[in-house]
1. Given the convex hull over the Cα atoms of the range 91-234, what projected area results after averaging over all orientations, in nm²?
2. Under a point-charge model restricted to the Cβ atoms of Lys and Arg (+1) and Asp and Glu (-1), what is the dipole moment magnitude of the chain relative to its Cα centre, in debye to the nearest 20?
3. Please enumerate, by chain and number, the aspartates and glutamates with C-alpha under 13 Å from the C-alpha of K82, excluding those fewer than 8 residues away in the same chain.
4. Test of understanding: given the chain, find the longest segment containing no trypsin sites (Lys or Arg not before Pro) that are in a DSSP loop and have at most 13 other Cβ atoms within 10 Å.
5. When averaged across all projection directions, what area in nm² does the alpha-carbon convex hull of the range 1-73 cover?
6. Show the residues, 5+ positions off or on another chain, whose built amide H is closer than 5 Å to the amide H of V101.
7. Binning at 10 angstrom from zero up to the longest distance, how are the C-alpha pair distances of the range 224-289 distributed in percent?
8. Once the Cα atoms of helix 275-288 and of the chain are each reduced to a long axis, what angle between those two axes, in degrees from 0 to 90 to the nearest 10, is obtained?
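What follows draws every value from the coordinates through simple rules; no lab data is involved. Quick caveat, the model's predicted, so the values are computed rather than measured. Ideal geometry is used to build each Cβ from the backbone, glycine not excepted, and the neighbour counts take in all protein chains shown.
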Amino acid sequence: MQVRKAVIPVAGLGTRFLPASKAIPKEMLTIVDRPTIQYIVEEVVASGIDQIILVTSEGKSAIENHFDYNFELDTILKEKNKMDLCEQVCNVANLIDIVSVRQKKPLGLGHAIWTTRNVIGNEPFLVLLGDDLVQSKVPCCQQMLNLYGEVHESIVAIQHVPKNETHQYGVVEGTALRDRVYQVERLIEKPPPGTTDSDMAIIGRYLLKPDIFELLEKTTPGHGGEIQLTDALLALAKRRPMYAYEFEGTRYDAGDKLGYLKAIIAFALQHPVLATEFRRHIKEVAADL
């Protein structure tokens, strides 16, 4: 069955980015000239997906508004003959069909995904976390869809991380099938140091079979007292094959302050207008260090 829908959970409080995220959703903090969430949505669009389901919470209306049509702004830009800006703003509103589902209680990522069950139905779907930006020639989602076309089973995106950082991630243990593709044998959410030899960390991209909803409904709170997606994925991997895919590209954790700064530099260096002057500035700054 074709993958037509993508879920983007944006209901979190953004505590890693306080105080900036106190009044502004962290997904709306800008990377160069657009909010972080727009890069995530553009990856989905570039991968040929038809619909996005945002999982939101109180105080997140700015995200929905960003992708809505703004008649007043459209009129003002046209009156001032700023047609390029007007086109850019209108294009954002027309990127893709977006619906919202409210997560009423902060019960974790697993619960956030479970709230979309009635919108997703009995279809495979993508999940993209709003913190993770992936810079790559082929969109990360498209890479996963290409693999799904072969295996027709759930896939988690992974990257190798230093062993002393594995406790910060969900970790996959598995068997290499070929370059970048692994059969999943076990998943552990934020394993304590020394409890796994694997360095394969799950990043914020998943392609899931709809069976996950039944398992999420049965999943009890785990690490941090939340309903962990990783726990449900482990149950799913025991039921049917699951694969881990080491994506091609560079991932930036834009929900972390240092990762956010790295993302700004990386995307600025590829900006069609600003890149040349920004690269010159970076060289001048580096020379003074």
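1. 10.0
2. The dipole of the chain has a size of about 340 debye.
3. Cα-Cα hits under 13 Å: D74.
4. Looking at the chain, 138-289 is the longest stretch - no exposed trypsin sites (Lys or Arg not before Pro) with at most 13 other Cβ atoms within 10 Å.
5. 6.2
6. Amide H neighbours of V101, under 5 Å, 5+ apart: L54, V55, T56.
7. Distribution as computed: 16, 25, 27, 15, 15, 3 percent.
8. Approximately 80 degrees, to the nearest ten.
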